[in-house]
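Student: A single structure is presented below for examination.
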């Protein structure tokens, strides 16, 4: 069946790797994001790689007015509709501490924006009885840490939301997969030194595609993060609150 | 717009891992992010110090990997410099096109292919990579320039094979070649000695032709190997070999004399005495070693050097003497290649010349370094030259003697980058910016 993928946050490095692989499989791509010039280049790239269609469209997680046109464009495509969410922002925690107003934006980028979009998309997928949703969260969402707890809080909220959405859509034939990457070598992590178990956008994209094939519900990438986060989640709060990890 | 960010004190090497550097590395995702002029590298498949800038800054171009424009009717494609040759070889054949020239690894980037003016197994009839490039975009001090071979003759010739010294190569337009099939039909035959090897290379009229040579065979077997001739075919299904990787640095005996001799003997006898014709996937034919991920680790922590030279057609005897010395030394690795080259070259420092080229890997040991120095002298005496993409050991005066157009290159480089912001460890080692 013909596949159309809505890519939210399509100018992110991780989205680019995923989109290139989908393009080579001949999927249609709706590239939604804020940087239109960059999205246009991504669309040319996708078409050259074999995408059946590739259209850039404006999407801003903080501006719900941009959501409906993306859904309308998707509904015009034949075949199965899928959506992958790569939006998110991670300003340094100190900056948010100094300017609490920044919190709203981080939550909108990483949680409420994409959740509201998926909420609007869900009935259409339900009606069609097929499709996949990939929501990219973060291992940072598994437990709040001193270093980035606002970002972590947003990603944690998003993961909980996705769990519920999976519960709702799973029974209608729509698969929802939560992806929790550790540090990935992208623009977001550039300039940070020596992050542990770093992976690449290309490897994450491969893992997502493999996870979709196997029907995974929650995917840690690299896989080592699953045992690590299991341990970190198990640390009792009285101990954890004194740790700086 | 995301600002370009630096990671500090990053250690990195070329493919041979014998030479190392450390310094600041940035990995800009788009050309617009580049706010500093510094040497650029791709996947660092050059063996020596061409991609190194010890103590300074470098730009990793591999994140810029998009195809910007592709005309399926004319086969003209414009790509960002970080697109790999392997990606093009995977994406284009189903659409009827193929990169006209492909080096022995698909992991090399298009930007690197320009900076080294690489060649492939079809050099004798198709020429070098840059001869199929129709436009380039360079970032020079404060300005962005699109150049073409007609409008910018000298700067073009200094850029093709020019080691990235005329500007950061950001975009490349390539005239692709039509691809009439989806597999390679490869004829392999044993050749018993040097004379037969050369005779076959001379007589071959195949589109793709290369000889694997057993650089451990001596005496009457000197120069024995397997000749591979190939054409693009269609309607056949190739066998799919497994991907493997080398997870750890190998111990020092992994490529010792007896192991290599045994491997080479098996490799030689794997092809039946009467020869055979096999069907291979493009990537298995063009990039045979990419299947073994990180194979450079087979040489252990100290790394290795590759010696590659070309000598004029009438000096095949010199090359034979060089091979004899290599075989006697017992230092050679399994991966030795012999090929006849045509006259195709695009730049002042382009490697190819009509003649025979020999490439041999050596573990990074003093005896091997001494041997490479002797081989270099023989190449100069034969009016040949060594390939800078492979080199990590040569001396400046020898290289300048091998490349008679070096003064023209210097003139262009000093205009394009007068402050030496793009200078690399190789450029400094060979003192290339001076006459």
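Bear in mind that the values in this text are calculations on the coordinates, not laboratory data. Worth saying up front: this structure is predicted, and the values here are computed from it rather than measured. Positions of Cβ are generated from backbone atoms using ideal geometry, with glycine treated the same way; all protein chains shown enter the neighbour counts.
Student: Report the rotationally averaged projected area of region B:183-268 based on its alpha-carbon convex hull, in square nanometres.
Tutor: 7.4 nm²
Student: Ranked highest first by the average count of other Cβ atoms within 10 Å around their residues, in what order do B:367-377, B:33-43 fall?
Tutor: Working: B:367-377: 17.2, B:33-43: 20.9.
Going by the mean number of other Cβ atoms within 10 Å, highest first, we get B:33-43, B:367-377.
Student: Pull out a ≥ b ≥ c, the square roots of the eigenvalues of the alpha-carbon gyration tensor of region A:3-62, then state rounded if a/c is under 1.5, prolate if not and a/b is larger than b/c, and oblate in the remaining case.
Tutor: Because a/c hits 1.5 or more and a/b exceeds b/c, region A:3-62 counts as prolate.
Student: Here is a follow-up. On a 0 to 90° scale, report how tilted helix A:13-24 is relative to the longest principal axis of chain A, with both axes built from alpha carbons and the result rounded to the nearest 10.
Tutor: The two axes meet at around 30 degrees.
Student: I would also like to ask the following. Size of chain B along its principal axes in angstrom, Cα-based, largest extent first?
Tutor: The Cα atoms of chain B stretch 61, 50, 43 Å along their principal axes.
Student: Per DSSP H run of n ≥ 4, the term is -39500 (n - 2.57); total these for chain A, divide by its residue number, and report the mean residue ellipticity at 222 nm rounded to 500 deg cm²/dmol.
Tutor: Working: 10 runs with 112 residues, N = 245.
So the helix-based figure for chain A works out to -14000 deg cm²/dmol.
Student: Can you give the mean number of other chain Cβ atoms that lie within 10 Å of the Cβ atoms in peptide B:66-72?
Tutor: 5
Student: What would the Debye formula give as log10 I(q)/I(0) at q = 0.13, 0.19 Å⁻¹ for the alpha-carbon point model of region A:136-245, no solvent?
Tutor: At q = 0.13, 0.19 Å⁻¹ the computed log10 ratios are -0.53, -1.07.
Student: Note the angle between two axes, namely the Cα long axis of helix B:316-329 and the longest principal axis of the Cα atoms of chain B, as a number of degrees from 0 to 90, rounded to the nearest 10.
Tutor: So the inclination is approximately 80 degrees.
Student: On to the next question. Would you mind giving the mean number of other chain beta-carbons within 10 Å of the Cβ of each residue in B:28-34, as a whole number?
Tutor: Working: counts 2, 9, 6, 1, 2, 2, 0.
Per residue, the number of nearby Cβ atoms from other chains is 3 on average.
Student: So how do A:22, A:31, B:76, B:289 line up by other beta-carbon neighbours within 10 Å, fewest first?
Tutor: Ordered from fewest to most neighbouring Cβ atoms within 10 Å, A:22, A:31, B:76, B:289 come out as B:289, B:76, A:22, A:31.
Student: List B:414, A:243 from most exposed to least, where exposure is judged by having the fewest other Cβ atoms within 10 Å.
Tutor: Least crowded to most crowded, the residues run A:243, B:414.
Student: What angle, in degrees between 0 and 90 and rounded to the nearest 10, separates the Cα long axis of helix B:257-270 from the longest principal axis of the Cα atoms of chain B?
Tutor: Once rounded, one gets 80 degrees.
Student: Of the residues B:187, B:62, B:424, which exhibits the maximal mean-square fluctuation in a Gaussian network model of chain B defined by a 10 Å Cα contact cut-off?
Tutor: B:187
Student: Compute the separation of the alpha-carbon centres of region A:67-133 and region B:208-285 and state it in Å as a whole number.
Tutor: If you average the Cα positions of each part, the centres end up 51 Å apart.
Student: On to the next question. Which of the three applies to region B:255-322, rounded, prolate or oblate, going by the alpha-carbon gyration tensor with a ≥ b ≥ c and a/c under 1.5 meaning rounded?
Tutor: Details: a/c = 1.41, a/b = 1.05, b/c = 1.34.
Rounded is the answer for region B:255-322, as its axis ratio a/c remains below 1.5.
Student: Where the centroid of each part is defined by its Cα atoms, how far is region B:322-372 from region B:151-181 in Å?
Tutor: For region B:322-372 versus region B:151-181, the Cα centre distance is 25 Å.
Student: Over chain A, one equal point on each Cα, no solvent: what is log10 I(q)/I(0) by the Debye formula at q = 0.09, 0.10, 0.12 Å⁻¹?
Tutor: Values returned for q = 0.09, 0.10, 0.12 Å⁻¹ are -0.36, -0.45, -0.66.
Student: Volume per residue, Å³, of the convex hull around the alpha-carbon atoms of the protein assembly as shown?
Tutor: Residue-normalised Cα hull volume stands at 168 Å³.
Student: Peptide B:87-96: average number of partner chain Cβ atoms within 10 Å per residue?
Tutor: 2
Student: Compute the separation of the alpha-carbon centres of region A:1-58 and region B:102-130 and state it in Å as a whole number.
Tutor: 29 Å
Student: At a threshold of 8 angstrom on Cα-Cα distance, excluding pairs fewer than six apart, so keeping six or more, what relative contact order does chain B reach in percent?
Tutor: Computed value for chain B: 18 percent relative contact order.
Student: Let me know the shape class of region B:45-132, please: from the alpha-carbon gyration tensor, a ≥ b ≥ c as square roots of the eigenvalues, rounded when a/c is under 1.5, otherwise prolate if a/b is greater than b/c, or oblate.
Tutor: Oblate, since a/c reaches 1.5 and b/c is not below a/b.
Student: Add -39500 (n - 2.57) for each DSSP H run of 4 or more in chain B, then divide by its residues: what number comes out at 222 nm, to the nearest 500 deg cm²/dmol?
Tutor: Working: 12 runs with 106 residues, N = 435.
Theoretical 222 nm ellipticity from helices: -7000 deg cm²/dmol.
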